[in-house]
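Colleague: Input: one structure, supplied below.
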Amino acid sequence: MQESSTQTAIGSGWGWLHPLRILIRLPFLLLLIIIGLPLLLLTVNRYGAAITVGKRQLDEVMQAGWANSLCLAFGIRRQITGSINSGPLFVVANHVSFLDILLLGSVTKMSFVSKAEIAKWPLVGTIARLGDTVFHHRGSGNSLQAVIDAISAKTSESKRVAVFPEGRIFCGDKVHRFHARLFQVPIQQDIQVQPVCIRYLHDGSLNPRISLCDREERFFWNAIRLLGEPGSTAELHFLAPISSAENSRRQLAEASQNAVAAVYGTQGLSNEV
């Protein structure tokens, strides 16, 4: 009943300000794609990784800045609580919108796990490959093992890998079950799991219009609609890391889900790490 009412609210039509916001934001988005993306491609390589800006590599600075600028183009401003751990890390987060990937990427350089279909999408597939994404064919046992092997290879190189264990985007009404399969990686690699809670707020309340709730709404139209939505605050809560030692996959998944859910059900930024 709650999901149905949420879909009704989202599909209730656009106000007169909606196309106006699109007209204002679209030129900025096009600039980021036409000019910003080629500049990013020039730095995301071994040469960009060899140049440091302060304490960060140039390629990381460029990727984070570009991802944050894309979020701003959609009217999304970040509020970050806590910090991400250094070194090899298995990052898990709830999945509310395709913007989640941009938000996490705007904090630091990390690889993602995504459905294989995205690799074929115009522009989005290019951006995903640029972010060193691991693609997974859903329902394929062989693909799952290949994904586990690919993630393990990245974490063995001291990289961070982010996954969305819910398996798909939900309506943002609550945190859904974290599937345990990929939690085999931190156990095998003996690395920590860091849960991240992502929440989109408008006027202090959870904003259901960010999510792709209507399954008939395709990605392109979802992106166009979000360009015209009122501005939102995206909260990123980096929670206390969980040790993989002496934990099963299911225990790690449940502990991560409970940590994220405990924050998602609260208001404001009171859950400091």
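Colleague: Mind listing whichever residues of the stretch 56-69 are assigned to a helix (DSSP H, G or I) and crowded, with 16+ Cβ neighbours inside 10 Å? Show your work before the answer.
Modeller: First, the residues of the stretch 56-69 that are assigned to a helix (DSSP H, G or I): 58-69.
Passing the criteria: L58, D59, E60, V61, M62, Q63, A64, W66, A67, N68, S69.
Colleague: Quick check, is C197 part of a loop (DSSP other than H, G, I, E, B) and within 19 Å of V96 (Cα to Cα)?
Modeller: On the way: part of a loop (DSSP other than H, G, I, E, B): no; within 19 Å of V96 (Cα to Cα): yes.
So C197 fails the test.
Rundown of residues vs (1) of a type outside the set (V, I, T); (2) under 18 Å from the mean Cα position of the chain (by Cα); (3) closer than 20 Å to L72 by Cβ, yes/no style:
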residue	(1), (2), (3)
R218	yes, no, no
A223	yes, yes, yes
G228	yes, no, yes
A234	yes, yes, yes
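Colleague: I've got another one for you. Note down all Cβ pairs under 8 Å where the first residue falls in the stretch 29-45 and is of a type in the set (G, A, S), the second is in a helix (DSSP H, G or I) and surrounded by 12 or more Cβ atoms within 10 Å (Cβ to Cβ), and they're at least six residues apart or on different chains.
Modeller: Close Cβ pairs (under 8 Å, with a partner that is in a helix (DSSP H, G or I) and surrounded by 12 or more Cβ atoms within 10 Å (Cβ to Cβ)) amount to G36/W66; G36/S69.
Colleague: Let me ask you something else. Of all residues in the stretch 70-120, which are in a helix (DSSP H, G or I), small (G, A, S) and touching a residue at least 40 places away in the same chain (Cβ under 8 Å)? Give the derivation first.
Modeller: Initial filter on the stretch 70-120 (in a helix (DSSP H, G or I)): 70-73, 99-105, 116-120.
Within this subset, residues satisfying the condition of being small (G, A, S) are 73, 105, 116, 119.
Passing the criteria: A73, G105.
Colleague: Scan (1) closer than 26 Å to V124 by Cα; (2) assigned to a loop (DSSP other than H, G, I, E, B); (3) modelled with pLDDT of 90 or more for the single condition D214 breaks and write down its number.
Modeller: Of the numbered conditions (1) closer than 26 Å to V124 by Cα; (2) assigned to a loop (DSSP other than H, G, I, E, B); (3) modelled with pLDDT of 90 or more, the odd one out for D214 is (3).
Colleague: Quickly run through the stretch 182-219 and pick out the residues that are of a type in the set (D, E, K, R), under 19 Å from A162 (Cα atoms) and buried (at least 17 other Cβ atoms within 10 Å of the Cβ).
Modeller: Filtering the stretch 182-219 down to residues of a type in the set (D, E, K, R) leaves 190, 199, 203, 209, 214-218.
Restricting the remaining residues to those that are under 19 Å from A162 (Cα atoms) gives 190, 199.
Answer for the stretch 182-219, where residues must be of a type in the set (D, E, K, R), under 19 Å from A162 (Cα atoms) and buried (at least 17 other Cβ atoms within 10 Å of the Cβ): just R199.
Colleague: Further question: Restricting to the stretch 228-267, and then to whatever is part of a helix (DSSP H, G or I) and of a type in the set (G, A, S), can you tell me which residue is farthest from P27 (Cα to Cα)?
Modeller: Within the stretch 228-267, the subset part of a helix (DSSP H, G or I) is 249-264.
Subset that is of a type in the set (G, A, S): 253, 255-256, 259, 261-262.
Values: A253: 41, A255: 43, S256: 39, A259: 39, A261: 37, A262: 39 Å.
Residue satisfying both the conditions and the ranking: A255.
Colleague: Quick check on the stretch 45-55. Is at least one of its residues under 21 Å from the mean Cα position of the chain (by Cα) and either surrounded by 17 or more Cβ atoms within 10 Å (Cβ to Cβ) or closer than 28 Å to E229 by Cα (or both)? So that I can check it myself, show each step before the final result.
Modeller: Step one: filter the stretch 45-55 for residues under 21 Å from the mean Cα position of the chain (by Cα), giving none.
For the stretch 45-55, residues under 21 Å from the mean Cα position of the chain (by Cα) and either surrounded by 17 or more Cβ atoms within 10 Å (Cβ to Cβ) or closer than 28 Å to E229 by Cα (or both): absent.
Colleague: For the stretch 154-180, which positions are surrounded by fewer than 18 Cβ atoms within 10 Å (Cβ to Cβ) and at pLDDT 90 or above?
Modeller: Selection gives H176, R177, H179, A180.
The values are calculated or read from the model by the stated rules, or taken from the named source; none is laboratory data. Not measured: the values here are computed from a predicted model. With ideal geometry, Cβ positions are generated from the backbone for all residues, glycine too; neighbour counts draw on all protein chains shown.
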